[in-house]
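Everything on this sheet refers to the single structure shown next.
The values are calculated or read from the model by the stated rules, or taken from the named source; none is laboratory data. Keep in mind it's a predicted model, so treat the numbers as computed, not measured. Reconstructed Cβ throughout: ideal geometry from the backbone, glycine too, with neighbour counts over all protein chains shown. Heavy atoms of the whole protein, side chains included, go into the accessibility calculation; ligands, DNA and RNA do not. Shrake-Rupley method; radii C 1.70, N 1.55, O 1.52, S 1.80 Å.
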Amino acid sequence: MFDLATTRIGVIGLGYVGLPLAVEFGKHFPTVGLDINAARINELQAGIDSTLEVAPDELRQARQLRYASHAEELADCTVYVVTVPTPVDAYKRPDFGPLIGASVTAGRLLKPGDVAIYESTVYPGATEEVCVPILERESGLRFNVDFFAGYSPERINPGDKEHRLTTIRKVTSGSTPAAAAFVDALYRQIISAGTHPASSIRVAEAAKVIENTQRDVNIALINELALLFNRLGIDTEEVLQAAGTKWNFLPFRPGLVGGHCIGVDPYYLTYKAQQIGFHPEMILAGRRVNDGMGAYVAQRVVKLMTQQRMPVMDARVLVLGLAFKENCPDLRNTRVVDIVQEFRDYHAQVDVYDPWVDRREALHEYGIELVAAPKPNHYDAIILAVAHRQFHEMGAAGLRAFGKSGAVLFDVKYLLPADEVDGRL
């Protein structure tokens with residue numbers, strides 16, 4: 001039933017996760033990449049990836065890959081890989097909208113013998129509890145009789161040119177032993193780092209969601225320590241450098257925790273935990289700390305401005321960086337917006353500059369109109385929020401040139417020496 005030689009792959013969703021996957025599969029198998037965004041399909045057909053995850057020459061190497069904006073073009077595929085986002089809503093509850101929509105699409109395409117593989121981050125049990133019933137309903141087929149499922153969590157790190165899809169070990173799983181063996185063999189065709197077969201889909205789902213939950217909790221600890229050390233008048237970075245001389249000290253740093261994984265995935269786990277009557281105290285406490293860091297940064301800057309007798313109302317504030325991480329255009333769940341909103345609540349005039357981010361996307365997603373370039377000698381406070389290489393190259397003197405005489409320069413990312421800024425986390 002499972003035959004790699006006749007495998008034809010459909011990848012549903014061509015974002016940061018789906019496109020690199022489709023490109024690698026397209027080097028080995030007939031592959032169709034589906035995205036409902038026609039503009040995205042047009043740019044890929046032109047050999048351009050606006051996410052900057054896949055270079056033009058890599059796109060050309062995927063000779064068996066073609067792109068589609070209509071689901072019918074995936075009708076002859078035998079494997080459907082779902083790589084859509086799994087965000088949270090305004091109340092921090094899992095938003096399964098994209099996943100449900102992709103499952104409806106896959107379900108309508110499924111044929112006897114086909115396999116649906118999910119890569120989207122979910123809570124343990126979600127693939128079989130949420131997605132499989134939709135696949136059965138839409139296809140009219142029976143799970144583990146007529147069609148099968150797999151789960152292989154994505155481990156994409158946007159902007160990271162060292163840890164790539166093929167060089168990161170891949171966890172795999174399937175709904176039956178035979179399906180699990182097929183899913184593992186399929187990924188071994190493209191993952192040079194090898195695979196780790198999990199005993200069940202639920203184990204693979206749990207492994208993924210705790211990877212980022214662990215990082216979230218660790219960063220929350222360092223963020224809380226930064227709050228404490230500030231009150232004690234101690235420089236947090238100096239403390240971390242000193243503690244880091246011990247061989248087993250973990251090198252986490254304080255900061256804003258956004259993005260498509262770390263700031264989102266823990267809520268999927270806590271949602272499931274609360275469903276079964278378990279209250280995950282540490283995970284939720286970490287989320288509260290990390291979600292409050294944007295407002296804390298703004299309040300620190302306000303205090304520094306007040307100490308210099310600068311009025312905050314109608315002050316001109318420059319925020320450098322909007323992406324959720326450095327040297328990357330990814331805006332998903334960026335917490336820089338919390339800094340912007342906090343200053344707007346103070347009735348300050350806020351300009352945001354980010355040379356990596358698409359200005360139309362910033363306006364669409366957050367209502368933030370990026371400035372084309374900061375004005376010189378214009379700002380009362382400058383906040384270095386994202387460690388883009390352009391800002392590093394400017395140095396403290398270059399960044400201060402945007403400010404008025406005596407303007408506050410605050411470094412969220414420890415990009416500049418402590419003696420060249422007025423404050424940092």
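In the range 68-91, the residue that is farthest from the chain's Cα centre (by Cα) out of those that are aliphatic (A, V, I, L, M) and open to solvent by 40 Å² or more (accessible area, probe 1.4 Å) is ALA75.
Within the range 90-122, how many residues are among the aromatic types (Phe, Trp, Tyr) and at pLDDT below 95? Here the count works out to 1. Step by step: first the residues of the range 18-43, then only those that are aliphatic (A, V, I, L, M) and either modelled with pLDDT under 95 or in contact with a helix residue (DSSP H, G or I) (Cβ under 7 Å, 6 or more places away or on another chain) (or both), then the one that is farthest from GLY97 (Cα to Cα). Which residue is that? Filtering first and then ranking leaves VAL23. Determine, yes or no, whether ALA38 is over 29 Å from HIS163 (Cβ atoms) and of a type in the set (A, V, I, L, M). Yes: the conditions hold for ALA38. Does ILE48 meet the test of being exposed (fewer than 15 other Cβ atoms within 10 Å of the Cβ) and either out of contact with any Lys or Arg (no Cβ under 9 Å at 6 or more places or on another chain) or more than 16 Å from TYR80 (Cβ to Cβ) (or both)? Yes; evaluated as a whole, the condition is true for this residue. Count of the range 195-226 residues, restricted to those that are touching an Asp or Glu at 6+ places or on another chain (Cβ under 9 Å), surrounded by fewer than 21 Cβ atoms within 10 Å (Cβ to Cβ) and among the hydrophobic types (A, V, I, L, M, F, W, C), is 1.
If the condition is being open to solvent by less than 100 Å² (accessible area, probe 1.4 Å) and either outside any loop (DSSP other than H, G, I, E, B) or touching a strand residue (DSSP E or B) at 6+ places or on another chain (Cβ under 6 Å) (or both), then the range 274-293 contributes GLN274, ILE283, LEU284, ALA285, GLY286, ARG287, VAL289, ASN290, ASP291, MET293. Scanning the range 148-174 for residues that are open to solvent by less than 30 Å² (accessible area, probe 1.4 Å), out of contact with any strand residue (DSSP E or B) (no Cβ under 6 Å at 6 or more places or on another chain), in contact (Cβ under 8 Å) with a residue 12 or more places away in the chain and not β-branched (Val, Ile, Thr) returns GLU154, PRO158, GLY159, LEU165. Could you please let me know if VAL239 is over 25 Å from the mean Cα position of the chain (by Cα) and either over 21 Å from ARG287 (Cβ atoms) or open to solvent by 10 Å² or more (accessible area, probe 1.4 Å) (or both)? So VAL239 passes the test.
Taking the condition open to solvent by less than 10 Å² (accessible area, probe 1.4 Å), under 16 Å from ILE36 (Cβ atoms) and not basic (Lys, Arg), does ALA116 pass? In short, no. Is there a residue being over 18 Å from SER120 (Cβ atoms), surrounded by 16 or more Cβ atoms within 10 Å (Cβ to Cβ) and under 21 Å from the mean Cα position of the chain (by Cα) anywhere in the range 175-188? No - not one qualifying residue is present in the range 175-188.
Taking the range 271-325 as the range and being over 27 Å from the mean Cα position of the chain (by Cα) and among the hydroxyl-bearing types (Ser, Thr, Tyr) as the test, only THR306 passes.
Does the range 250-265 contain any residue that is in contact (Cβ under 8 Å) with a residue 12 or more places away in the chain, closer than 17 Å to PHE324 by Cβ and open to solvent by 80 Å² or more (accessible area, probe 1.4 Å)? Don't jump to the end; show me each part of the working.
We begin by selecting, within the range 250-265, every residue in contact (Cβ under 8 Å) with a residue 12 or more places away in the chain; these are 250, 252-265.
Of the ones still in play, those that are also closer than 17 Å to PHE324 by Cβ are 252-265.
Adding the requirement that they be open to solvent by 80 Å² or more (accessible area, probe 1.4 Å) leaves 253.
Yes, the range 250-265 contains at least one residue that is in contact (Cβ under 8 Å) with a residue 12 or more places away in the chain, closer than 17 Å to PHE324 by Cβ and open to solvent by 80 Å² or more (accessible area, probe 1.4 Å).
Just a yes or no: is a residue in the range 294-302 in contact with a helix residue (DSSP H, G or I) (Cβ under 6 Å, 6 or more places away or on another chain), closer than 30 Å to ARG359 by Cβ and surrounded by fewer than 19 Cβ atoms within 10 Å (Cβ to Cβ)? Reasoning before the result, please.
Taking the range 294-302 and keeping what is in contact with a helix residue (DSSP H, G or I) (Cβ under 6 Å, 6 or more places away or on another chain), we get 294-295, 297-298.
Within this subset, residues satisfying the condition of being closer than 30 Å to ARG359 by Cβ are 294-295, 297-298.
Right, trim to surrounded by fewer than 19 Cβ atoms within 10 Å (Cβ to Cβ) and you get 295.
So far as the range 294-302 goes, yes, one or more of its residues are in contact with a helix residue (DSSP H, G or I) (Cβ under 6 Å, 6 or more places away or on another chain), closer than 30 Å to ARG359 by Cβ and surrounded by fewer than 19 Cβ atoms within 10 Å (Cβ to Cβ).
Within the range 290-325, the residues that satisfy the criterion of being at pLDDT 95 or above and within 12 Å of ALA385 (Cβ to Cβ) are MET293, GLY294, VAL297, ALA298, VAL301, VAL317, LEU318, VAL319, LEU320, GLY321, LEU322, ALA323.
Just one of the listed residues (ASP330, ASP314, ASP291) is under 21 Å from LEU227 (Cα atoms) and either of a type outside the set (S, T, N, Q) or in contact (Cβ under 8 Å) with a residue 24 or more places away in the chain (or both), and it is ASP291. For the criterion of being aromatic (Phe, Trp, Tyr) and under 22 Å from ALA181 (Cα atoms), TYR118 passes.
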